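What follows is calculated from the coordinates using simple rules that are stated; it is not laboratory data. Since this is a predicted model, take the numbers as computed values, not measurements. Here the Cβ positions follow ideal geometry from the backbone for every residue, glycine too, while neighbour counts run over all protein chains shown.
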Amino acid sequence: MAAGSFRSNKKSLQKKVKGLFSRAMINTANRVDFVNIINRVYQSDSAEKWRERFKDIPPTWDFQDELTEHAIQLTINQVKKEGTQVSEEEIRKTLQAIRCRYDHDLHLKAAPALTVLMNHLFAPPDPNHPLASPDGRDSAHVDKLKEYVSQGKSVLFLSNHSSHLDEFLLVTAMFHADLGLPLFAAGANMMVIKSLAKVFYAASYVVQRRGASRVGLSGLYNFCRAISEKGGQQAIFLEAWHGGARSRDGSIRYPRRLVTLRGALASDKDLVIQPVAVSYSVVPEDLSLAARKSGKCWLRGMGLFRTLAQAIIHPKSFISRVSKDLYGRAYVTLPPPVLLSELKEAHAKDPAGLSLDEYVALYSIGEIARIKKVMASQLTARAIVRAQKQEKKDLLECAKYELDLLREYHLSTFNQEPDLEDFIRDHTLEEVLADGIKTLKKRAVLSRFTKDQHKLPKVLSHPGLAFYATHGDRRIYSPTADKNIVVVGANDWGFALTYLVGNRILEEKKYLNASLTLYDSRKDVARQMGLTRCAPGRFEEYHLPKNSFVTSDPTSAFRKASEVILVSSLGKLAEQAEAILESSQQGLKLVVGTCGFEPETHRLPCQVVYDLLKKTGRNDVEVYSLVGPVRDEELVQGIESTGVLAGPETGLNKLADLFNWPPINVITSNDCLGVQAAAILAGIYAMWGHYLARLDKVKGPSRTGVYMARAAQEAQELAMALGADQETFAASSPAWIANFVATGLSRGYREFVRKVAGSAKKTSPPKAAQKLCQQLEEQGEPPLAYQDLYSAHVLAQKHGLDLPILNEAFETLYGE
């Protein structure tokens, strides 16, 4: 009790200290006049040429009052249509809280000031064209965008989100492209600092991220719609952890559905969709995002002693001196713009079943993944991660390997080379690694002085290193890190389980942030399923649920997986399980849905996984087994059936809920090996029972009952020798009796036995069985019970068991 009370008090104290620190930071920030800072930078000598460059910027939002009134009317109409009782006064109050407060004078001063600040904090290859490559490839399509703007079309910028500076970088890039000032969504929490709020309000509308009322959501939706209808420009950050916040692990993420985006696309007028990729060599908030470190990471790289020295020598300008090029290089890249009408045409032909906003967001995030730059710090981090993982000393070799992987992925996925930043293009790989290591040392990711056992810089922050390595990854990950479900195997069972789970998680709000991936290592199969949304096989008339994503890339599938359902073939079971363990970077629940003895070693599927976990030293993986009596067509067609899920008690019921979608249900057990053995042996003894019945050796209720009792006893003996619990084979246990009865009634088993018995009149039963088995394998329908019979006999011999029924079945169908 005392220890628990101490921990509780400690957490409470930490929370209070954190709250006090946050309030102190806000109070300090409130004493800073950010508008005055903009004025001072604007009047500085450094801004002189930019004052001349931007002196004639026309007002962008001089119609903001008209815009707000239009949004109010749209909201009033929507509320009336829905029959909601909300007063006009409340609607007006809501929209007044949301609206922007554009200031043209601040706009005129911000353009030169932001250019100076961004050129100062970042190290542009060409200061005259900040945030862009000198060859102009980042802005190659701006003229097309300007042409659309000149036609009066609204522009919707859809961007990735890495830092609080994204908005300032994007705005600066827009200034230099002569594209006006887009409005951004700013969280209400960003407006707490009043002086900073005045700056944000000039180019932002306010979003209540949590606890927004119904009228608040309607107002936000219609404000974004009004921008599109009035020919304005707006920018939305697609990547979302909680309503549009920055990526915490550096990954490009599957976009969430956002009210702002749905509103922006609701306009009857055509508009321009412009994806935007923002790339950083240093993310200022890196360790606060990846490792929950304090806000002082914004100051990393200044150097304490250097700052103190500069403060003494240059007391008035030391901050400017130590912050020069603090965040390395950054780029804002614009791919070709596309009209919403063009995307609507493509969406109408798309079989995935996505809503329009999902389709537009996914298209844009795909474009961002294609064009986002690979930075030197990211390539270096990837190389160090590989060197650590494979215990290699040659960092250059690892960097070459990672670069080849990036090129291979981009060519196969986007049909083009990855966009390497100019520093990588213009320098040797040794120089790139040196630059990357220098950057990661400044960010306190690597030690400045100490090395590890391989003579590589010692890693101080593994989450920080993973953060930068993932920033160099162009795979699109699912939107959350706590419920990422993966089904392995695009066979009939894999499709059926994806169909069941996908529709299940679409049904309930508690799975709102869950993602679902269907993985198959066959690239052509995965690519085709991703396009057609249909499975190759018996279910080609059914479509994958709209929330499922198909991939052949193991890293994309398993890196953040929380639940993996493995239903690959027995021959590939070990290989697939190894790929899962190698690619996953967090603990997970591994549900083994493959049923049958592994043909070479005669192990149960769960035993194969247990052995791999022991070999790899993974103790963060919980193993479960999922077995019948359920047929794949029952899952797809929604026919009443019940499966068995077995595994550790902790989390078992929560996991079972994924598969409970009436009329489909699962019951639970703690005996993983037992339920697998029960399902396999039920098939063997049901098959042999059919054979005996065919020969009239088991006929009538009495003899059938005796056979079932003897079969249950033998199955229990063998299963217990393999590690199963006795209770799993009790008369009341569905794991055994339901499987035994269901397989006994199965048409497939009856047909196999009928054909073997019929052929045995012309040849011996073993030859007839082997010939039929070969034919069925060629058709892709191997008779598992026949194959499992061989393994079961081997295991019985190994454990010294005398099982008369099993011996008779083996001698008859395989021969001595």
- request: Quick one: what are the phi-derived ³J(HN,Hα) couplings along the range 389-406, Karplus 6.51/-1.76/1.60 with θ = phi - 60°, whole Hz, x for glycine and proline?
  value: 5, 9, 6, 9, 9, 7, 5, 4, 4, 5, 5, 4, 5, 5, 5, 5, 4, 4
query: Can you list the residues, at least 5 places off or on another chain, whose amide H is less than 5 Å from the amide H of L183, using H built in the peptide plane?
result: Q233, Q234, A235
- prompt: Measuring from the lowest to the highest alpha carbon on each principal axis, how far does the chain reach, largest first, in angstroms?
  reply: 102, 68, 61
- prompt: How do E402, E578 rank when sorted from fewest to most other Cβ atoms within 10 Å of their own Cβ?
  reply: E578, E402
- prompt: Are any of the pairs K93/K230; K146/K546; K441/K483; K373/K546; K49/K144; K392/K438 more than 23 Å apart by Cα-Cα distance, and if so, which?
  reply: K146/K546; K441/K483; K373/K546; K49/K144
field: In Hz, Karplus ³J(HN,Hα) per residue of the range 114-130 (6.51, -1.76, 1.60; θ = phi - 60°; x = Gly, Pro)
entry: 5, 4, 4, 5, 5, 5, 7, 6, 10, 10, x, x, 9, x, 6, 10, x
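Under 8 Å for C-alpha pairs, at least 6 residues apart: give me the relative contact order for the range 681-813, rounded to a whole percent.
Working: 107 pairs, mean separation 42.6, N = 133.
RCO, the range 681-813: 32 percent.
What are the GluC sites (Glu not before Pro) within the range 443-544 that DSSP puts in a loop, where the Cβ has at most 12 other Cβ atoms within 10 Å?
Numbers: sites: E507, E508, E540, E541; in loops: E508, E540, E541.
Sparse-neighbourhood loop GluC sites (Glu not before Pro): E508, E540, E541.
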field: Relative contact order (%) - criterion: Cα under 8 Å, at least six apart; region: the chain
entry: 8 percent
message: Tell me the relative contact order for the range 580-726 as a rounded percent, counting alpha carbon contacts under 8 Å between residues six or more apart.
response: 20 percent
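As a check on your grasp of the helix formula, calculate [θ] at 222 nm for the chain: sum -39500 (n - 2.57) over DSSP H runs of n ≥ 4, divide by the residue count, round to the nearest 500. Display every interim value, and only then the final one.
Working: 35 runs with 425 residues, N = 816.
Roughly -16000 deg cm²/dmol at 222 nm, from the helical runs in the chain.
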- line: Note, the range 343-354: 3J(HN,Hα) by Karplus (6.51, -1.76, 1.60, θ = phi - 60°), whole Hz, Gly/Pro = x, goes 5, 5, 4, 5, 5, 5, 9, 7, x, 6, x, 6
